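The values are calculated or read from the model by the stated rules, or taken from the named source; none is laboratory data. Model, not experiment: these values are computed from the prediction. Using ideal geometry, Cβ is built from the backbone for each residue, glycine included, and neighbour counts are taken over all protein chains shown.
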Amino acid sequence: MSSSNPHFCDLLTFNTLALPCQAKNFVMLSDLGQLQGLSTLLKKCQKPVHDNEPTKSTQDNLTNQANETNQPHQTNQPSLQTHWNILGGGSNLVLPKVLHQPVLHIQLKGIHLLDDQGLQNDQSVIKADKSTFYRIRVAAGENWHDWVTFALNKGWYGLENLALIPGSVGAAPVQNIGAYGVEVAQFIESVDVWNIETEQLLTLSAQDCDFAYRNSRFKRAHYSNEIIVAVNFALPKAWQPVLTYQDLKPLAQRYLNPSESITPHDVYQLVCEVRQRKLPNPALIPNAGSFFQNPVVPHEQAQALKAQHPNLVCYPQADGTTKLAAGWLIDTCGWKGKRLGSVGMHANQALVLVNPDGGHYDDVMTLADAVRHDVQTLFGVALQIEPICWMPDSSTHHTA
Ligand code: EPU
């Protein structure tokens, strides 16, 4: 069967948490020419189910899931609005055992230095000045770390702090990936998307993307009509290292010493070292990075907690709120390195949920609930799950 027709695929090797997931309708997107056909494919998936039809084979087929006319099914499946679940590198996902919603795996490739015109003609997009920025269009299916390494070797600097983050370029703006004092939003000029409903290619400015801490327009949407096909980066030609983060202090000291100098390669090297020390390599110990967001609480609540727990790690925010280190909260509850069944919280970083022994969706959610319960009980703070959770029989959701 052609890869552009929906077909069955086990997503076990397509997600870094290594959750088994039987995707009933899986499609690879490797060519922009396929975009026009996506609405038709989706409509096929929404074909109404007639009352005399539901047999075992149709139950196993996505066409049983959605019903444009809202006619009742004979099965117990709720009537669903079908949409594409977009799969990039699968590094920030929690997958159910069975998935009826169609999955679109983005495999678009290519990296291009843009001239002043860029590849778009949307006047509303603010374009970075070519004399002070390198402007580069990177296709959504490129691997994030490979792109960071490629840029570094080309002399396009700025992304070093984001080295070794797993996943794809197209996924980076969705959760506005961030690490070691830098967020990707700082370097995004615009994002090219395909709108499935209007069948148009659009360029969204960074402002349109509505970036926030681990969030964006794409992640906030219950599900998105927009498929990210490329990200347009603006990297300043004058390199300014970001060395504020505690783990990068050794370089900050060298940077401040007039007799020494540091290069973007030094920052890249140190970030890779720190990540390798603290964070488990998903190829060896399956994980999806930080499993919870760092919670943001009112300043007064943080002060009261600090009075009770003097070692509490907190970061005052510009808007008067305070961000707490979820890893510290979880660690203090005793979850660091602790297992629950086949899953557990990582021994070097309690914020990372690991799946070393072939756990499933339910194992992950049971552990997540137990951790959230303990943090809520000890600190009165609610943790939000950071990865995107795909539900078996409803739309994408982000928290559990
Ligand atoms: N901490 C503990 N115990 C732990 C883990 C952390 O006490 O088990 C303390 C640390 O000592 C430190 C503080 O908590 O004082 C923060 O820890 P860390 O510096 O490791 O960073 P984080 O806040 O836990 C965030 C991001 C990471 C990113 C790092 C570095 C989130 C949800 N996570 O983690 O992002 O790599 O900062 O910038 O914002 C990811 O999103 O997948 C991810 C790995």
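The residue that is farthest from the chain's Cα centre (by Cα), among those in region 179-201 that are surrounded by fewer than 18 Cβ atoms within 10 Å (Cβ to Cβ) and part of a strand (DSSP E or B), is GLN200. Looking across region 344-366 at every residue that is of a type outside the set (Val, Ile, Thr) and within 11 Å of the ligand (Cβ to nearest atom), the one that is surrounded by the most Cβ atoms within 10 Å (Cβ to Cβ) is identified as LEU353.
Return the residue satisfying two criteria in turn: it lies in region 220-251 and is of a type in the set (A, V, I, L, M, F, W, C) and surrounded by fewer than 16 Cβ atoms within 10 Å (Cβ to Cβ), and of such residues it is nearest to the ligand (Cβ to nearest atom). Top of the filtered list is VAL242.
Scanning region 367-377 for residues that are touching a helix residue (DSSP H, G or I) at 6+ places or on another chain (Cβ under 9 Å) and either loosely packed, with under 14 Cβ neighbours inside 10 Å or β-branched (Val, Ile, Thr) (or both) yields VAL371, VAL375.
Every residue in region 221-251 that is among the basic types (Lys, Arg) and in contact with a strand residue (DSSP E or B) (Cβ under 9 Å, 6 or more places away or on another chain), please. Listed by number, the list holds a single entry, LYS237.
Only a single criterion out of (1) surrounded by fewer than 22 Cβ atoms within 10 Å (Cβ to Cβ); (2) closer than 28 Å to PHE291 by Cα is not satisfied by SER205, namely (2). Could you give every pair whose Cβ atoms fall below 8 Å, whose first residue belongs to region 175-187 and is in contact (Cβ under 8 Å) with a residue 24 or more places away in the chain, and whose second residue is within 7 Å of the ligand (Cβ to nearest atom) and among the acidic types (Asp, Glu), counting only separations of at least 6 or pairs across chains? Here the result reads GLN175/GLU386; TYR180/ASP247, each pair linking region 175-187 to a residue that is within 7 Å of the ligand (Cβ to nearest atom) and among the acidic types (Asp, Glu).
For region 287-343, give me the residue count where each residue is of a type in the set (Asp, Glu) and away from the ligand (no atom under 14 Å from the Cβ). Number of matching residues: 2. Restricting the first member to region 329-347 and to residues that are farther than 17 Å from LYS278 by Cα, and the second to residues that are modelled with pLDDT under 95 and assigned to a helix (DSSP H, G or I), no beta-carbon pair is closer than 7 Å while six or more apart or on different chains.
Looking at region 21-109, the strands (runs of 3 or more DSSP E) lying wholly inside it that each contain 3 or more residues that are in contact with a helix residue (DSSP H, G or I) (Cβ under 9 Å, 6 or more places away or on another chain) and at pLDDT 90 or above sit at 22-29, 103-106.
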